[in-house]
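Chemist: A single structure is presented below for examination.
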Amino acid sequence: MTAWLIVGSAGQLGQDLQRVLAPTSAEVTALDLPDIDITNPTSVAAALTTYRPDYVVNAAAYTAVDAAEEDEATAQRVNAVGPAVLAQACADRQDTWLVQVSTDYVFSGERSTPYPEDAEPNPQSAYGRTKLAGELAVRELLPDRSYIVRTAWLYSEHGGNFVKTMLRLEQAHSTVAVVSDQLGQPTWSWDLANQIVTLVASHAPAGVYHGTSSGQTTWHGFTQEIYRLLGEDPTRVNATTTDQFPRPAPRPANSVLGHAGWERIAVAPIRPWDEALAEALPRIVAAGVGQESDT
């Protein structure tokens with residue numbers, strides 16, 4: 001029986017990891033603040049000593065992309081110091097692996113083709129810089145027992161996210177304007193959770209893997225598909241450009257990540273984004289629209 005410790009258990013991915021692992025024989029411990037503070041070595045060491053996990057998944061992060069521009073110190077503490085503390089604690093144990101969840105924001109977004117796993121990072125925002133720092137710390141401290149899993153455009157029925165925001169706007173407005181000049185891969189956190197469990201079960205070598213859906217679309221195309229699945233008219237979604245919605249943090253124009261890493265370990269990448277959305281949307285609608293996202 002394998003033992004898992006999920007850190008950041010209250011978030012989208014943390015909740016779905018618990019659901020995916022529930023029917024298995026794994027022993028699962030799910031922690032979040034205040035029960036664990038990943039920036040505190042004493043707190044982390046105590047958790048690992050108590051629960052003795054084989055695998056730690058760090059789903060905790062400072063994800064307020066715009067707020068990070070004004071408070072990079074806090075983002076650095078959570079997104080960089082926290083992973084370093086976790087990696088050191090795992091390194092101090094004989095066999096514990098760490099799954100560090102990262103982001104497309106480690107790249108500039110200027111590439112015209114999908115980013116392979118070994119592409120040179122070049123973050124353009126405070127959030128991206130701090131997430132990259134977390135990646136580098138994990139790879140330095142735990143090079144042989146760590147997976148870096150980059151994801152993007154994550155959504156679920158939990159918490160606030162883009163899909164819930166669009167559901168709320170669809171109800172409130174006859175039309176909505178959504179940017180059509182940013183490419184990416186909408187990823188259901190349920191699919192990402194399953195992919196992480198599959199990665200661990202495959203006993204793949206340590207390294208970087210891209211946990212995003214197959215295919216690609218724009219935020220505009222994503223929203224049109226949401227409307228279509230709701231039975232609403234997709235032409236109610238008007239295309240606009242990023243410069244019409246200035247934000248403190250720059251958004252990558254291209255967030256599409258390549259999946260060659262999965263091919264190398266004979267694991268299928270995550271299914272196409274539109275196929276996942278068709279399954280996810282009824283669950284999200286049933287859960288309610290909740291809070292705003294910071295996408």
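The values are calculated or read from the model by the stated rules, or taken from the named source; none is laboratory data. These numbers come from a predicted model, not from an experiment. Reconstructed Cβ throughout: ideal geometry from the backbone, glycine too, with neighbour counts over all protein chains shown. The protein model used for the area step is the full one, side chains on, heavy atoms only, and it has no ligands, DNA or RNA in it. Shrake-Rupley method; radii C 1.70, N 1.55, O 1.52, S 1.80 Å.
Chemist: If you take the residues in the stretch 66-77 that are open to solvent by less than 40 Å² (accessible area, probe 1.4 Å) and assigned to a helix (DSSP H, G or I), which one is nearest to ASN254 (Cα to Cα)?
Modeler: Quick first cut of the stretch 66-77, residues open to solvent by less than 40 Å² (accessible area, probe 1.4 Å) only: 66, 68, 74-75.
Adding the requirement that they be assigned to a helix (DSSP H, G or I) leaves 68, 74-75.
On the way: ALA68: 21, THR74: 27, ALA75: 23 Å.
Of everything passing the filter in the stretch 66-77, ALA68 is nearest to ASN254 (Cα to Cα).
Chemist: Cβ-Cβ below 9 Å, separation at least six or inter-chain, first residue in the stretch 172-199 and free of Cβ contacts under 8 Å to residues at least 24 places away in the same chain, second assigned to a helix (DSSP H, G or I): which pairs?
Modeler: HIS173/ARG236
Chemist: Kindly indicate whether THR113 is out of contact with any Lys or Arg (no Cβ under 8 Å at 6 or more places or on another chain), open to solvent by 10 Å² or more (accessible area, probe 1.4 Å) and under 30 Å from ASN238 (Cα atoms). Walk me through it before giving the result.
Modeler: On the way: out of contact with any Lys or Arg (no Cβ under 8 Å at 6 or more places or on another chain): yes; open to solvent by 10 Å² or more (accessible area, probe 1.4 Å): yes; under 30 Å from ASN238 (Cα atoms): yes.
In short, yes.
Chemist: Any residue at all in the stretch 98-106 that is outside any helix (DSSP H, G or I), open to solvent by 50 Å² or more (accessible area, probe 1.4 Å) and at negative phi?
Modeler: For the stretch 98-106, residues outside any helix (DSSP H, G or I), open to solvent by 50 Å² or more (accessible area, probe 1.4 Å) and at negative phi: absent.
Chemist: Might you let me know whether the stretch 249-268 holds any residue that is in contact with a Ser or Thr (Cβ under 8 Å, 6 or more places away or on another chain), part of a helix (DSSP H, G or I) and either closer than 26 Å to ILE148 by Cβ or open to solvent by less than 30 Å² (accessible area, probe 1.4 Å) (or both)?
Modeler: no
Chemist: From the list ALA45, ALA80, ALA84, which one is part of a helix (DSSP H, G or I), surrounded by fewer than 17 Cβ atoms within 10 Å (Cβ to Cβ) and modelled with pLDDT of 95 or more?
Modeler: Numbers: ALA80 fails: surrounded by fewer than 17 Cβ atoms within 10 Å (Cβ to Cβ); ALA84 fails: surrounded by fewer than 17 Cβ atoms within 10 Å (Cβ to Cβ).
So the residue among ALA45, ALA80, ALA84 that is part of a helix (DSSP H, G or I), surrounded by fewer than 17 Cβ atoms within 10 Å (Cβ to Cβ) and modelled with pLDDT of 95 or more is ALA45.
Chemist: Under 8 Å between Cβ atoms, which residue pairs at least 6 apart in sequence (or on different chains) link something in the stretch 1-28 that is of a type in the set (Phe, Trp, Tyr) with a partner that is assigned to a helix (DSSP H, G or I) and modelled with pLDDT of 95 or more?
Modeler: TRP4/LEU17; TRP4/LEU21
Chemist: Please count how many residues of the stretch 150-167 are closer than 20 Å to ARG251 by Cα and either in contact with a helix residue (DSSP H, G or I) (Cβ under 6 Å, 6 or more places away or on another chain) or not small (Gly, Ala, Ser) (or both).
Modeler: Selection size over the stretch 150-167: 12.
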